[in-house]
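This report refers to the structure that appears directly beneath it.
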Amino acid sequence: MKRSRSFAVQTAICAVLLSAAFGVTAKAANEALQPLITTSELVVGQNRFAFGLAKGGKLIENAQVLVRLYNIDKTAAHLTFETNARYQAIQTLEIDGKVHRHADGTSHVHNVDNAVRGIYVTQLPFSHSGNWGVELVLQGPGETFESARATVVVRDRSSMPSVGEAVPRSRNMVASDVKDLREIDTSEHPDPRLHQIRIADAIAMKKPQLIVFATPQFCTSRMCGPVVDIVRTLLPGYANRIAFIHQEIWQDFASKKVFPTVEEWRLQSEPWVFVVDAQGVIRAKFEGLVTAREIETVLQSVLPPATAQRQ
């Protein structure tokens, strides 16, 4: 299965991009400020760019961070854009003490000391495809500064469904299809509310959707975060108006076989969150760790005006 193999090596590719930027060696990167970029798909135009920062094995929170964008397609790097990144705290139902297994078989525990409690988010514009340089400048006490650099690859267009496009009318498996929810959800405690409706049926019912593609048991990076748990925090306010759907990635992790719905959506990384309107058109998509506030802002826009306020 060609696409499954591509999906499996996506993390390794991202790791190389992080350490190869501007000629920085892996050893030097480990001893300095480290960028933990969760956005692997970037296309020509405006892009959500999310990342974490680490130093000495610890995540850096609530810092002032300047993001600089460089055109490096030619011999020299040219600064084309700069902006501030906002730190956004995440809210989850449960974080501490959760064991996350990585695709290479290793695991870590998100405990009080190293739990992912937030992420830096900004918007970056790319005028053309190719290689670009990103510099993350961390402002410390007083006038001290420290920076980390990375190379990112920008493509002409997305390989998967894009904002403004109709989603595949997938017949994703639901709770009634299995004897045990763990067959289609690797969460420690699978939530049946996320497995009640098929994507195609929600479209036929003219119901907006919040679809999360994620494999809770198997992380792809330290910044994988409890994305399914983040989505679950929105259920109390929106479950009666929005179809919530969780699609697990791996049908068989050992053989790297993904579920048919993942194939239909042509995903090359995970996790992804899609907000789909009542006509089945994508209104927003978020790669990697995302906050409930980011998702909720879009949810409000896909609801009819009379029901847009949270109950």
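A short reminder: the numbers here are calculations on the coordinates, not readings from a lab. For clarity, every value in this text was computed on a predicted model and none was experimentally measured. Positions of Cβ are backbone-derived with ideal geometry, glycine not excepted, and every protein chain shown enters the neighbour counts.
Give me the extension gain from residue 75 to residue 166: residue separation times 0.36 nm, minus the current Cα-Cα distance, reported in nm with one decimal. Could the numbers behind the result be given before it?
On the way: separation 91, 0.36 × 91 = 32.76 nm, distance 4.03 nm.
Additional length available on full extension: 28.7 nm.
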Give the Debye-formula value of log10 I(q)/I(0) at each listed q (0.10, 0.13, 0.19 Å⁻¹), with one equal scatterer per alpha carbon of region 175-307, two decimals each. -0.30, -0.51, -1.13
Sites residue 158 and residue 58 - FRET efficiency at Förster radius 30 Å, r taken between beta-carbons, to 0.05: 0.35
Final fewest-first order of 163, 290 on the 10 Å Cβ neighbour count is 163, 290
Could you check what % of the DSSP bridge pairs in region 175-307 are antiparallel, to the nearest 5? 70 percent
Give me the count of lysine pairs in region 175-307 whose alpha carbons sit under 26 angstrom apart, restricted to pairs 8 or more positions apart or on different chains. 6
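Give me 270, 296, 188 ranked fewest to most by other Cβ atoms within 10 Å of their Cβ, as a rough exposure proxy.
Ordered from fewest to most neighbouring Cβ atoms within 10 Å, 270, 296, 188 come out as 188, 296, 270.
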Taking the Cα centre of region 175-307 as origin, work out the dipole magnitude from +1 charges on Lys and Arg Cβ and -1 charges on Asp and Glu Cβ, in debye rounded to 20. 300 debye
From the residues 269, 231, 297, which one has its Cα farthest along the dipole of region 175-307 in the positive direction, the dipole being from +1 and -1 charges on Cβ of Lys/Arg and Asp/Glu about the Cα centre? 297
